[in-house]
Amino acid sequence: MVFIGEYIGTIEEFLPMDGTYTEDGKIYASVIGDLIQNNERRIVLNLKIPKRAVGSTVLAEITDVKKNSASAIIRKILGYKQNMSVSAAIFVSQISDEYVDQVSNSFGVGDIIKAKIVRNEKNLIDLSTKGNLGVVKAFCWLCRHELILNKKKIGSRTLICPKCKKEETRKISDDYGAVKDILF
């Protein structure tokens, strides 16, 4: 296993690949992972910490909702066991394929969303819930009880609180409720 900044070899010995960087002809690890050297003199790192690549599907918690954007904390990249805590944003134009006038009609603080990373530049991560992605777990704005699908309004974006009976709308994922106990 190698750690970030650990010396791996020289560019005369190996071809640096993803997860590495070079400095003065020397190759160093830019991620934590298992070092694998293949027959083509390429250095490959089997990542131990998930890479936040564009196109990765993530679970994130909404932490703030404004008119045109929401803040979120990425908690998990699907396909990896490790949890994380990385800030991200989702803009109103990235919520749905349909027109959304304000973010509060789609997300609430504390909601868990399934999203894709659409931008990762200089530690600025943007998410999208277009298509079949969206909220997988939501909470009532009044009593904070977990919301359930309103069976009387099948096919709608309406959720209902089983405790206080308040109805709310969200940009619901196709698999809403399938993620019962997300452990962070």
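Some points to look at:
- Database remark: amide H of GLY33 closer than 5 angstrom to the amide H of VAL2, LYS48 (H placed geometrically; neighbours at sequence offset of 5 or more, or on other chains; Pro and chain starts carry no H).
- Full-stretch length increase - THR158, CYS143 - with 0.36 nm per residue and alpha-carbon distance subtracted: 3.7 nm
- Given [x] 1, 7, 12, 13, 10, 8, 6, 5, 6, 7, 7, 7, 6, 4, 2, 1, 0; [y] 1, 8, 15, 16, 15, 11, 9, 7, 6, 5, 3, 2, 1, 0; [z] 1, 8, 18, 21, 20, 14, 9, 5, 2, 1, 0, 0, the label whose value is P(r) over Cα pairs in 5 Å bins from 0, in percent derived from this model: [y]
- Exceeding the 25 Å Cα-Cα cut-off - candidates LYS76/LYS165; LYS26/LYS116; LYS26/LYS81; LYS26/LYS76; LYS67/LYS171; LYS76/LYS171: LYS76/LYS165; LYS26/LYS116; LYS26/LYS81; LYS26/LYS76
- Gaussian network model of the chain, springs between alpha carbon atoms under 10 Å - residue of ASP97, ASP24, ASP64 with greatest fluctuation: ASP24
- Projected label points at THR169 and PHE3, each 7 Å from Cα along the beta carbon direction, are separated by 5.1 nanometres.
- The stretch between TYR21 and THR63, if pulled fully straight at 0.36 nm per residue, gains 11.7 nm over its current Cα-Cα span.
- In this structure, GLU13 and ARG52 have a Cβ-Cβ separation that, at R0 = 41 Å, corresponds to a calculated FRET efficiency of about 0.90.
- Hits among aspartates and glutamates - C-alpha to C-alpha of LYS114 under 15 Å, sequence gap 8 or more where chains match: GLU61, ASP126, ASP174, ASP175, ASP181
No value in this document is a laboratory result; all are computed from the given coordinates. Predicted, not measured: the structure shown is a model, and the values here were computed from it. Neighbour counts are summed over all protein chains in view; Cβ atoms, including those assigned to glycine, are modelled from backbone coordinates with ideal geometry.
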